[in-house]
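Throughout, read-outs are computed from the coordinates displayed, never taken from laboratory work. Since the structure is predicted, the reported quantities are computational estimates derived from the model, not experimental observations. All Cβ positions, even for glycine, are placed from backbone atoms using ideal geometry, and neighbour counts span all protein chains on display.
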Amino acid sequence: MDSRLRERARQVIPGGMFGHLHAKGLPEGYPQFFRSGQGCRLTDVDGREYLDFMCSWGPNVLGHRHPEVEEAVRRQLDLGDCLNGPTEHMVTLAERFVDLLPHAAWALFQKNGTDATTTCVTLSRAKTGRRKILVAAEAYHGAVPWCSPSLLGVTAEDRAHIGTYVYNDVASLEAAVERASGDLAAILVSPFKHDYGKEQALPTPEFAAAARRLADAEDAALVLDEVRCGFRLSMQGSWHALGVEPDLCSWSKAIANGYPLAAVTGGEAFRQAASELFVTGSFWCGGAAMAASVATLAVLEREDGPGHMRRMGQRLRDGIAAQAATHGVDLVNSGPPQMPLILFADDVDYRKGELFARETLARGVYMHPRHNMFLSLAHTEADIDEALEATDAALAAVAQHGA
C-alpha cells in the first residue's frame, strides 16, 4: 500500500513524497503513509506498528489521540468549528497562556509555527519602527522567504534586513547588534540550538542574559521561537529557569496535541502594536483546535508533562549511553532529554545514523538519524525499556558494519 501511494503521489504532488514534507530526510525503507496512532504507537498503511519517537515531528505531546483532548474536540465539532467568529475557547485559551507564562499579557492565535514566528517579526517592526532582525546562523524559524533554509525562489530583498550571529557566542551577538544598531527591531532566538543534523546545544546563562541585555539596550524585542520546544521543557517558558523572559514568543506544535494551532504571546509593551497589526487567516479561529489546546495545557500542567518527558528521555539517554559503551560505539546524544538527537562520530553522510535508524525501525521503533526526536506524556518506563532492546541490537549492527 505504501509503495502504491508513493507512485500515485508522484503523479499529482510535485516531487512525490520525496520532495514533500520531511520524506527526503528519511532512510530507505521508512514508511511515508500512516493509518492510525494511539498513545506512543503508530500504525502505517501496511499494518506495521511502531513505537514512536517523533510524535508527528513534535505536535503529539500527550501521545496520539489523548482521550481528554479527543473528547474536547468532539464536543466542539458537534457544535461547529469554522464559524463567523471564534468560540469561547479562544478567550479561555488566551487566559491560560497569560496565567501560565510570566512574560505574557496577551495572546494571538494562528495555524502554523511559521505564521506565529512571522507575526512576531512583523510585530517587532511595527512596534519599533525599525527593520533589522537578528537570527542565529543556520537556525530554522519557518518556511517562508524571509527565513526559509532554501534559497530557491528567494530574492535578495527578502533577506535584506536579516542579520546573523553564532548561537551561544556572546561576542558574535554583540557584534551583530552593533552592525544593526539604530535599525534593530528584534533579536530572534531558539530556546536551544537545534540545527538539523548537528549536535544540539543548550543556551548558556551568559548568552541568554546577553540577548536580554542587548535587546533592552537597543529598545528592540527579544523574540523566543518556542514553536518546537514550547511546553516540553517548561510550563512557564523555556528560558524561565534562566531568569530571562522574552518580549514575544511564537508557539505551535505541542500546544494542541496534533490539532492545527499556533500562537503569539507578548508583554504589555507590545499590546498596542498587536492590537493594530493586521494578521488573519480563514481558519485561524477554528474552535476545535482551540478546545484541543485548552485540554492539552490542562493535562500537561496536571501531569507535570515536562517533568515526565524529561525523566523518560533521561532513561532512554542513559540506556543508550551504556549500550554504546558496551559495543564500543562513539556517539553523542545531545539536547534536552525531552528532545534528544543521536549522532555518531566520524559519520560520513550519516551512514552510521541511517544504519542505526533502519535497524531500530526493523524492530518496531521509529527514530530519526538527523532530526531531534520527541518524547511524549504517553511514553512509559516499559516503552523506554522496549525501545532500548531495539537500540541495543541497532548499536551492535553499527559496531559491526557502521565503520
Charge tally in the Cβ shell below 11 Å around ILE255, where Lys, Arg are +1 and Asp, Glu are -1, ILE255 excluded: +2
Trypsin sites (Lys or Arg not before Pro) lying in DSSP loop within segment 193-286, provided at most 15 other Cβ fall within 10 Å: LYS198
Label zone at ARG35, where the point sits 7 Å out along the Cα-to-Cβ direction: segment 50-66 residues whose backbone N lies under 13 Å: 50
Between 0 and 90°, nearest 10: helix 67-79 axis offset from the chain longest Cα axis: 60
Sequence-separation-based contact order of segment 67-302, relative, with Cα cut under 8 Å and 6+ spacing, percent: 33
Per-pair calculated FRET efficiency, R0 = 45 Å: GLU157 and VAL45 via Cβ, rounded to 0.05: 0.55
Virtual paramagnetic centre 7 Å along Cα→Cβ of GLU88, amide N under 20 Å, in segment 39-82: 68-82
Contour excess over end-to-end distance, with Cα ends at ALA322 and GLN11 and 0.36 nm allotted per residue: 107.3 nm
0 to 90° range, to nearest 10: angle between helix 88-100 axis and the chain longest Cα axis: 90
Normalised alpha carbon radius of gyration of segment 139-262 [divisor 2.2 N^0.38 Å]: 1.07
Zone residues, segment 286-330, relative to GLU381, backbone N less than 17 Å from point 7 Å out along Cα-to-Cβ: 307-320
Potential extension, ALA105-GLU268 segment - 0.36 nm per residue separation minus Cα distance: 58.1 nm
